Amino acid sequence: MAFRYVAIAPDGEQIRGALDVPSESLAERALWDANYRVISIRQERKMPSIEQVFPSLYSVKKRALITFSRQLATLLESGVPVMRSLELLEEQTPSKPLAAAIRGISKSIREGSTFASAIDQFPAVFPTLYSRMVELGERTGHIEEMLRQLATYMEREEAVAKRVKGALAYPAFMCVLAVVVVAILVTTALPALVDLFKEFDGNLPITTRILIGVTQVSKVYRMQILAGSAAIGIGGAWLFSQPLGKRVLDRFLMTVPIFKAITINANAARFSRTLAILLRAGLPLTEIMDMLVRTTENGILRKHVEDVRRQLMDGEGLSGPMTKAGCYPPLLIQMVAVGEETGTLDANLEITAEFYTKEVDEKVDALTAMMTPALTIVMGALVGFIALSLIMPMYQLIGHVNDAGAGAAPPK
């Protein structure tokens, strides 16, 4: 995110500018490190683009990026030049956003940029970790190995995401089914029943009258309801793309116990895996912590990572600040402490990452086990209410018919 600032330069001149950093504290630190005296810092406000409101419509699927990484590594190992490799992959990829990014990377390389610098120009496609690993590969001459490590890392991240989506598929199906059942009952069975009752002058039960009222309101104000629903959907998407909405969502995830457990375990798995892969690549721990700050999605957890990074820079190590943060599981802290003492931090973190990935799976299963019966009860109650609203008038109708038949004069 961008922050506008006003500061006094070392020569005494007042300057204005912008910094693209994850948080205000990092923007302030960057200015102080450059010997600027900060006057004011504020987040730059601007209307989000369609890509920002609906990023899933324009983003590159992780599977496409994994395939690109593995294919590029294979081509480079086979001795194919980078430019020719990119041309081949641009022709083969089915993802239009990825093809456009590859085309832009090729253009930047032809203009003299390095591969890593060219990747940096497409942050929506290639995450920060990706460009940093490619830069390390270029520096050490092992770019193929780095690309394979990135592909493996993204595959594990994708497996966790698929596990979560798969677990929530059944509850989502139940919600859609409930909406469809209600819509069919209200639009087909109820109107015919109302017309029939009008013919017999019947008094409708309270539940049926409520249902009729809802149906009539929906019929009369159909367009307004659709427009309002669309406005709420777009407004909600816009709100949660803004810092305030993200903070509200992050706070919610860290307040509800089951979501908090999933969030903390998922963060522990990502923290461990990212730290392990970057340590193995030879990156210094201080620079790794900078990257972890930028790649931590939850704002509350990001602040804790910033605190750990600051204390690490002050010489307090890693396990101690993690203990003080209070958001890291005990096992992760213990494994980090042992790794610091024995020099096997990367290996310990790989084990820890796998452990917490399984923990996320178990927590997601527990969440699904809680949601499924709750949704079943809600759906049953809703359908039962509608069915009762339709059946009760039928009994009254039958009573009216019987009464009318009993009081009729015998035929001559």
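Read-outs throughout are calculated quantities, based only on the coordinates presented, and are distinct from any laboratory measurement. Here the structure is a predicted model, which is why all the values come from computation and not from measurement. We place every Cβ from the backbone using ideal geometry, glycine too, and count neighbours over all the protein chains shown.
Taking Cα atoms of segment 59-154, Rg/Rh with Kirkwood Rh, to two decimals?
Details: Rg = 11.8 Å, Rh = 13.0 Å.
Radius of gyration relative to Kirkwood radius: 0.91.
Given the DSSP H assignment, sum -39500 (n - 2.57) over each helix run of at least 4 residues in the chain and divide by its residue total; what's the result at 222 nm in deg cm²/dmol, nearest 500?
Values: 19 runs with 309 residues, N = 412.
Here the helix-only value at 222 nm equals -25000 deg cm²/dmol.
Which order do M371, M289, M133 fall in if you start with the one that has the fewest other Cβ atoms within 10 Å? Mind showing how you got there, number by number?
Working: M371 18, M289 21, M133 26.
Neighbour counts put them in this order, fewest first: M371, M289, M133.
Can you give me the C-alpha center-to-center distance between segment 366-389 and segment 109-168, rounded to a whole angstrom?
About 43 Å separates the Cα centre of segment 366-389 from the one of segment 109-168.
Distance cut-off 23 Å, Cα to Cα: go down the list K165/K324; K260/K324; K260/K303; K165/K246; K107/K162 and report the pairs above it.
Values: K165/K324 33 Å; K260/K324 18 Å; K260/K303 16 Å; K165/K246 20 Å; K107/K162 34 Å.
Long pairs (Cα-Cα over 23 Å): K165/K324; K107/K162.
For the chain, return all DSSP H helices satisfying: extent of Cα atoms along own axis at least 24 Å; mean Kyte-Doolittle hydropathy at least 1.0. The partial results should precede the final answer.
Details: long enough: 143-184 (58 Å, 0.75); 222-240 (27 Å, 1.14); 257-280 (34 Å, 0.66); 345-406 (90 Å, 0.71).
Qualifying helices, which must be both long enough and hydrophobic enough, are 222-240.
Given the peptides 139-151, 100-112, 264-276, 235-247, arrange them by the average over their residues of other C-beta atoms within 10 Å, most packed first. Don't skip to the end; give the middle numbers.
Values: 139-151: 17.8, 100-112: 15.9, 264-276: 23.2, 235-247: 13.5.
For the peptides 139-151, 100-112, 264-276, 235-247, the packing ranking is 264-276, 139-151, 100-112, 235-247.
How large is Rg over Rh for the chain, taking Rg from the Cα atoms and Rh as the Kirkwood inverse mean of 1/r across Cα pairs? Show your work: numbers first, answer last.
On the way: Rg = 29.9 Å, Rh = 26.3 Å.
Rg divided by Rh gives 1.14.
Using just the C-alpha positions of segment 284-336 as equal point scatterers, what log10 of I(q)/I(0) does the Debye formula give at each q in 0.17, 0.21, 0.24, 0.31 1/Å?
Taken in order of the listed q values, log10 I(q)/I(0) reads -0.46, -0.71, -0.93, -1.33.
Once you keep just the Cα pairs under 8 angstrom separated by 6 or more residues, what percentage relative contact order results for segment 59-154? Show your work: numbers first, answer last.
On the way: 101 pairs, mean separation 32.3, N = 96.
Worked out over segment 59-154, it gives 34 percent.
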